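Please read the structure below before turning to the comments.
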Amino acid sequence: MTDLSRGCFRPLLGLSGAALALAVSHTAAFAHVTLATSQAQPNSYYKAVLQVPHGCGSEATQTLRVQIPDGVYGVKPMPKAGWTLATTRGEYAKPYQSHGETMKEGVKEIVWSGGSLSSDNYDEFVFVSFLSGDLKPGQAIYFPTVQQCAKGEARWVDVPADQQSPHDLKTPAPQLRIVADTTTAQAQMDHSGHAGMDMSTPATTGNDIYKAGDLTITAPWTRATPGGAKIGGGYLKITNNGKSVDRFVGGSAPFAGRVEIHEMSMTDGVMKMRPLPNGLEIKPGETVELKPGGFHVMFMDLKQPFKQGDSLKTTLEFEKAGKVDVNFSVNGVGAGAGQQHQH
Ligand SMILES: [Cu+2]
């Protein structure tokens, strides 16, 4: 990856009016670069699809640059055939936690260059990201974007001032509205497995019952994983019908690199999750429920997406009852959904 900040790279923002004037053609107002999905929840994955409907006036677009705002983490751009992909990394305004690691820096700008997108054609430029839990519903964040052509450029970098609508701007930056409602954002790249605050019973679950020694395992289920999600949560009930303590210690699955047992809990007002290295105790006569917002099976490094309606064979492992094969039924993306948590 090229470090653009050391080359002839010029920051996107704070540009002079002269270049801006050059950029705007009479068709500009109808040729905004926008995000295909303009709403998303905090604390969730977001797949950004930048829609480019027009060149700089009649010129073909040769370069597209987009700047990543604060609160957008772990950005991974999608390469495009015929275009060279480069990123500039930088420090995050606020570090974030991912799988027990503190991430202090990441991609702050993406550049697709060396292509030629005719002004008569339309194309999309894609990246995936994670939206901070600090983003507030109602808030808008902006992804300033610049199209560069053989002659001139179009700078979609304007951010509305208070009370101003983006429609008042000549060259508005692509906008993402942060929303609270699950249903609005559900079609997007939702965190695949984790629901946080909402302890409600999921809409649908599997109905299978499995026996392993003194244990009864009921209704393993998971959710469809949209987009490129690499993790998924698994939920089930385990009843110990025996006289001694057993322990759910782990498992394996052909579709996942690792299978862990996690716990989600509230710490200082923030939903956090942690692996349980010693597994999960199941006392005699007790039923332990693994559910969104609490204990869960964590499928990591997924090798394939989970598709609704699929049944995913997984081997669960218990200290005393040993190994048992179960099937996790895959429900919809939003099944049992609540607040998403950061992974
Ligand atoms: Cu987890």
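Values as computed for the structure displayed
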quantity: Count - residues of segment 225-248 that are within 16 Å of the ligand (Cβ to nearest atom) and either free of Cβ contacts under 8 Å to residues at least 24 places away in the same chain or not polar (S, T, N, Q) (or both); calculated: 9
quantity: Subset of segment 165-178 that is touching a Pro at 6+ places or on another chain (Cβ under 6 Å) and at pLDDT 85 or above - its residue that is surrounded by the most Cβ atoms within 10 Å (Cβ to Cβ); calculated: A173
quantity: Segment 276-328 - residue that is more than 31 Å from the chain's Cα centre (by Cα), assigned to a loop (DSSP other than H, G, I, E, B) and of a type outside the set (G, A, S) and, of those, farthest from the ligand (Cβ to nearest atom); calculated: P284
quantity: Matching residues, segment 106-136, being of a type in the set (F, W, Y) and not in a strand (DSSP E or B); calculated: Y122
quantity: Hits in segment 50-85 (condition: surrounded by 21 or more Cβ atoms within 10 Å (Cβ to Cβ) and not in a strand (DSSP E or B)); calculated: H54, I68, G71
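The values are calculated or read from the model by the stated rules, or taken from the named source; none is laboratory data. Here the structure is a predicted model, which is why all the values come from computation and not from measurement. With ideal geometry, Cβ positions are generated from the backbone for all residues, glycine too; neighbour counts draw on all protein chains shown.
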